[in-house]
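Written out below as structure tokens is the structure these notes cover.
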């Protein structure tokens with residue numbers, strides 16, 4: 001293992017954070033969660049965000065995924081300064097550039113696998129045929145073509161997470177954010193999901209930022225970023 | 001997948017809850033549609049344009065008291081009056097007491113002139129009318145009543161009296177068609193038959209129906225007739241036909257206020273029930289809404305989807321309620337139309353359908369908007385508890 005402060009290698013940055021701060025307010029009390037975060041993540045990186053509970057890793061993930069706003073600093077992701085976008089522009093930006101993978105999969109229970117994957121495409125303006133082709137492609141990629149008409153309750157946890165991954169990549173985003181993607185899976189399924197994410201990074205060039213507590217999961221990333229009490233502590237390059 | 005499919009599937013996520021709320025919507029819209037139509041029907045009874053120049057002269061003490069038929073002569077002398085028809089409610093039934101319909105003993109010589117719109121006199125031939133006038137045991141019946149009982153011209157209709165101790169056997173001489181179904185559920189026979197069969201009715205009648213030449217003569221006539229018979233043994237109460245009918249409707253109490261009160265209660269109740277259901281349904285989907293927004297659905301798009309669910313829900317419930325009300329109206333017309341002629345006109349009118357559907361959709365939008373708006377304004381990170 002090679003330890004180096006915040007050096008994530010070369011390449012054009014896809015994420016640039018400058019002096020990012022984030023605080024929450026509880027009545028009159030300001031609770032700082034992130035402070036002075038400076039970070040550049042190159043395109044094609046695979047990052048594991050690690051740290052103890054309350055260190056701010058999920059908050060940082062939310063900020064760079066555009067579902068939360070910083071209280072200070074600038075945040076450029078996929079060529080857009082997110083602070084300059086209003087809520088609707090930010091929604092459109094997320095649809096085009098970010099895919100989400102959640103710990104609990106968060107599939108819509110009344111839609112089958114195909115329809116769940118198709119959801120983000122409904123707002124892209126793609127026609128029915130185009131949508132069908134895209135969904136077929138990504139379901140093939142996650143090896144779930146034969147389960148496409150099954151509902152979430154008819155799928156195993158591992159299959160559900162693979163559907164969620166297919167949904168995350170169906171719009172061909174540059175960035176995938178994953179919050180504890182294997183947290184609800186057994187070891188075998190977790191390994192399959194991590195292998196799939198690794199393929200997406202290696203073969204499709206997707207930039208992945210994953211929050212995890214699990215050192216085994218983090219080992220699949222190329223770099224680990226450790227946070228401690230809201231500040232960047234260190235980065236670790238993973239040698240495999 | 002199309003948007004409508006997404007909305008429908010979301011709506012059917014809890015089938016039991018959706019069916020229950022649709023059921024309460026059906027019941028509410030049905031109740032409101034039927035009650036409002038009842039009000040419309042009753043209002044039509046007391047607002048008949050054909051009766052604008054007709055008066056009813058009856059005993060001041062009530063409908064059960066008789067007036068001398070001799071009053072007819074005075075009425076005929078009034079220059080404003082075109083014709084006078086003596087009319088007595090007979091109250092008989094055909095074969096079975098449950099087979100009840102409106103039947104009258106009436107002055108055969110003037111009835112066609114007095115009620116020419118109701119009998120569709122313009123479409124009758126002189127020969128048809130003469131057939132009735134010639135036969136003292138003849139009767140005329142409306143087309144709906146004849147159809148219901150399978151009667152045709154020449155058939156004998158035995159009536160059993162309930163008020164008067166006679167059972168006339170009447171021969172149908174004329175079947176008339178009327179512009180209004182309620183006017184087709186009536187039977188008239190010669191007044192002489194009642195006078196001859198019931199000695200106490202000799203020279204007496206329950207009411208006179210008077211047709212004036214012009215509606216503007218009515219107030220003057222009312223005042224003159226009642227003044228003429230004031231302080232006599234048989235004082236009169238003269239009123240317009242609409243006022244006379246209104247007195248019948250008022251026997252039911254202030255039905256308008258009752259119906260509007262029930263309607264308001266139903267609307268408020270269904271608004272609360274729908275609002276509570278939608279709020280619960282939306283609250284259960286907090287995470288899902290956050291996921292939609294994370295995937296790039298804007299807050300306004302998610303709000304539109306949720307509103308569409310609410311509108312679809314009440315649209316289905318409202319449509320079924322209106323459909324059921326229409327079926328019920330048909331059943332009411334068939335079962336009560338003969339006994340109570342104004343029910344023959346009972347229908348769910350397009351204006352009532354429009355009002356019910358507008359109201360239902362308004363409830364759907366209002367009940368959905370508040371929880372949906374709150375849900376879509378909630379920070380995504382709050383909704384995504386797993387991430388937060």
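Numbers for the structure displayed
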{"read-out": "Any hit, segment B:28-48, residues being at pLDDT 90 or above, loosely packed, with under 15 Cβ neighbours inside 10 Å, assigned by TED's automatic domain parsing to the domain that holds residue B:351 and farther than 30 Å from residue B:211 by Cα", "value": "no"}
{"read-out": "Any hit, segment B:48-61, residues being without any contact (Cβ under 8 Å) to a residue 40 or more places away in the chain, assigned to a loop (DSSP other than H, G, I, E, B) and either within 23 Å of residue B:219 (Cα to Cα) or touching a strand residue (DSSP E or B) at 6+ places or on another chain (Cβ under 9 Å) (or both)", "value": "no"}
{"read-out": "Sole residue being without any contact (Cβ under 8 Å) to a residue 24 or more places away in the chain and more than 10 Å from every other protein chain (Cβ to nearest Cβ), chosen from A:157, A:127", "value": "A:127"}
{"read-out": "Subset of segment B:116-145 [part of a loop (DSSP other than H, G, I, E, B) and touching a strand residue (DSSP E or B) at 6+ places or on another chain (Cβ under 9 Å)]", "value": "B:116, B:118, B:119, B:120, B:124, B:135, B:136, B:137"}
{"read-out": "Strands (runs of 3 or more DSSP E) (entirely within segment A:39-114) containing at least 1 residues that are more than 14 Å from chain B (Cβ to nearest Cβ) and in contact with a helix residue (DSSP H, G or I) (Cβ under 9 Å, 6 or more places away or on another chain)", "value": "A:46-50, A:72-77"}
{"read-out": "Any chance residue B:51 is under 25 Å from residue B:180 (Cβ atoms) and touching a helix residue (DSSP H, G or I) at 6+ places or on another chain (Cβ under 6 Å)", "value": "yes"}
{"read-out": "Selection from segment B:69-79 of residues that are surrounded by 16 or more Cβ atoms within 10 Å (Cβ to Cβ) and touching a strand residue (DSSP E or B) at 6+ places or on another chain (Cβ under 8 Å)", "value": "B:69, B:71, B:72, B:75"}
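The values are calculated or read from the model by the stated rules, or taken from the named source; none is laboratory data. No experiment lies behind these values; they were computed from the predicted model shown. We place every Cβ from the backbone using ideal geometry, glycine too, and count neighbours over all the protein chains shown.
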